[in-house]
Amino acid sequence: MSAEKVALVTAGGSGMGAAAARRLSADGFRVAILSSSGKGEALASELGGIGVTGSNQSNDDLRRLVDLAMERWGRIDALVNSAGHGPRAPILDITDEDWHRGMDTYLLNVIRPVRLVTPIMQQQKSGAIVNISTAWAFEPSAMFPTSAVFRAGLASFTKIFVDTYAADSIRMNNVLPGWIDSLPATEERRQSVPMGRYGTSAEIAGTIAFLVSPDAAYITGQNLRVDGGITRSI
């Protein structure tokens, strides 16, 4: 069994997920990456890890990622859950089918892999899970209705999860990015940020790297805004 640290990254072929995989690899993690585009496999090969082309909406694809990581390294220390883009429309124009797609994209994308890795982390008596959420989970925007609704649900799931599994030394936190450079840039959006700029995927990756590190060993169940001040906590 390997003594190396091992991280799984879902939806990790591009954007913030890929940046997280690169940063964790640089920090000494072995990485296993799932993406639907094939970019995750290429990135994993570059980083000396494992890549699976598949969907975080497929239990079978996620199981393959977990099984391959366990076969090669024998442990899973961190799980980073990224996501694609769900349906967007005026709130009452969203169909039942698109609400279900939003739940698959923004909530079940976390629940599915967490079911798989939690028993492994319980046996290890250690593990850290970070979910990439959105700054608008608590100050919802009509621009991103399905994201805001289901990521607010993700915050509730996270609280219940940590209440259940914190005693096993398994931590879960959510990172709430604002306008990040992996999104199309507009001047209006830039001006809405008190810091006056878009954030970078590398900055989100740095936050994730901190949250899975020993320096964050007493942080769990939190929703950390990384948005240049665009949203406010009470």
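The values are calculated or read from the model by the stated rules, or taken from the named source; none is laboratory data. A quick note: this is a predicted structure, and the numbers were derived from the prediction, not measured. All Cβ positions, glycine included, derive from the backbone under ideal geometry; neighbour counts span all protein chains shown. Only protein heavy atoms, including side chains, enter the accessible area calculation; ligands, DNA and RNA are left aside. Shrake-Rupley method; radii C 1.70, N 1.55, O 1.52, S 1.80 Å.
Within the same chain, aspartates and glutamates fewer than 8 places from Lys125 are excluded, and of the rest, those with a Cα less than 15 Å from its Cα are Asp77, Asp168. When you filter the chymotrypsin sites (Phe, Trp or Tyr not before Pro) in the range 154-219 for DSSP loop state and at most 10 other Cβ atoms inside 10 Å of their Cβ, you are left with Tyr218.
Would you mind telling me the share, in percent, of accessible area of the chain contributed by carbon and sulfur at probe 1.4 angstrom?
Values: 5710 of 10860 Å².
The C+S portion of the solvent-accessible surface of the chain is 53 percent.
For the chain, the per residue solvent-accessible surface stands at 46 Å², with DNA, RNA and ligands left out and a 1.4 Å probe.
How large is the convex hull of the C-alpha atoms of the chain per residue, in Å³? The partial results should precede the final answer.
Values: hull volume 28.6 nm³, N = 234.
Residue-normalised Cα hull volume stands at 122 Å³.
Against the chain, whose longest principal axis is taken from its Cα atoms, helix 15-26 shows a tilt of about 30°. Note on exposure: Thr10, Thr53 ranked by accessible area (1.4 Å probe, complete protein assembly) read Thr53, Thr10, with the most exposed listed first.
Working note: Karplus 6.51/-1.76/1.60 with θ = phi - 60° gives the range 114-128 the couplings 5, 4, 7, 8, 4, x, 5, 5, 4, 5, 6, 6, 5, x, 9 Hz, where Gly and Pro are set to x.
With all protein chains in place and ligands, DNA and RNA left out, the 1.4 Å accessible area ranks Met195, Met121 as Met195, Met121, largest first.
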